[in-house]
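Engineer: Just passing along the structure, written as structure tokens.
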Amino acid sequence: MFLRTKVQFGCPEYQASLEDILLRDPVTVEPGSRLESHLQGCVGCRQALNDGLTASKLMRHARYPEHASSPAFVTRVMASIREAAQAAPNAIWRPLELLASRMALVAAVVLLALSVYLREFAPARTVAVNAPAEIGAGLPEPPGQPADADEVLMSLADTGDAI
């Protein structure tokens, strides 16, 4: 995916010394040292030291910003965040509302077309001639209600149940 090239940080025998120099707070090379004489002659090590200094400056500035944000900037940013948060639900639901309305319209058209098709092309129903006209016409008639208490007692005596 990405091309990897082998990048060297100066000469291999001086890499540890260059890293130690970059870790010191005042970055200085000891005068008269073996590293100083090597840096005067080696372009790769000088470039590595300069790159390391640039990277450490960038990291220091990234960690500790130089300027604090003004209150007006913070207010403006927070207001835009609030506006975006209030607009977000509408942005999410609006496409779903459009989809639902289109689906309802399609369903209505399909039902209308199906009802027209069934009305025009469905086989005709025939009404049965000997079908009862009333709902309960085929059911047996319930027995009559007794008129008085004597009839109730007589019906109980006929069935053999005693009080």
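The values are calculated or read from the model by the stated rules, or taken from the named source; none is laboratory data. Just so you know, these numbers come straight off a predicted model, no measurement behind them. So basically every Cβ, Gly included, is an ideal-geometry build from the backbone, and we count neighbours across all protein chains shown. Ligands, DNA and RNA are stripped out before the accessible areas are found, and what is left, the full protein with its side chains, is counted by its heavy atoms. Shrake-Rupley method; radii C 1.70, N 1.55, O 1.52, S 1.80 Å.
Engineer: Could you pull out the residue among 61, 67 that is at pLDDT below 80, under 30 Å from residue 22 (Cα atoms) and outside any loop (DSSP other than H, G, I, E, B)? Spell out the reasoning first.
Structural biologist: Details: 67 fails: outside any loop (DSSP other than H, G, I, E, B).
Among 61, 67, only 61 is at pLDDT below 80, under 30 Å from residue 22 (Cα atoms) and outside any loop (DSSP other than H, G, I, E, B).
Engineer: Are any of the residues in the range 103-122 at pLDDT below 80 and either on the phi < 0 side of the Ramachandran plot or open to solvent by less than 70 Å² (accessible area, probe 1.4 Å) (or both)? Please lay out each step first, then the result.
Structural biologist: In the first step, residues of the range 103-122 are kept if they are at pLDDT below 80; the result is 122.
Filter once more, keeping what is either on the phi < 0 side of the Ramachandran plot or open to solvent by less than 70 Å² (accessible area, probe 1.4 Å) (or both): 122.
Scanning the range 103-122 turns up at least one residue that is at pLDDT below 80 and either on the phi < 0 side of the Ramachandran plot or open to solvent by less than 70 Å² (accessible area, probe 1.4 Å) (or both).
Engineer: Please pick out the residue among 74, 43 that is of a type in the set (Val, Ile, Thr) and either surrounded by 12 or more Cβ atoms within 10 Å (Cβ to Cβ) or over 20 Å from residue 16 (Cα atoms) (or both).
Structural biologist: On the way: 43 fails: either surrounded by 12 or more Cβ atoms within 10 Å (Cβ to Cβ) or over 20 Å from residue 16 (Cα atoms) (or both).
Exactly one residue qualifies, and that residue is 74.
Engineer: Mind checking whether some residue in the range 140-147 is surrounded by 10 or more Cβ atoms within 10 Å (Cβ to Cβ), modelled with pLDDT of 75 or more and in a loop (DSSP other than H, G, I, E, B)?
Structural biologist: Residues of the range 140-147 that are surrounded by 10 or more Cβ atoms within 10 Å (Cβ to Cβ), as a first pass: 146.
So of that shortlist, the ones also modelled with pLDDT of 75 or more come out as 146.
This time we only want the ones that are in a loop (DSSP other than H, G, I, E, B), so: 146.
Yes, the range 140-147 contains a residue that is surrounded by 10 or more Cβ atoms within 10 Å (Cβ to Cβ), modelled with pLDDT of 75 or more and in a loop (DSSP other than H, G, I, E, B).
Engineer: While we're on this one: Looking at the range 44-58, is at least one residue touching a Cys at 6+ places or on another chain (Cβ under 7 Å) and within 30 Å of residue 10 (Cα to Cα)?
Structural biologist: Step one: of the range 44-58, the residues touching a Cys at 6+ places or on another chain (Cβ under 7 Å) are 44-45.
From what's left, within 30 Å of residue 10 (Cα to Cα): 44-45.
Yes, there is a match, as at least one residue in the range 44-58 is touching a Cys at 6+ places or on another chain (Cβ under 7 Å) and within 30 Å of residue 10 (Cα to Cα).
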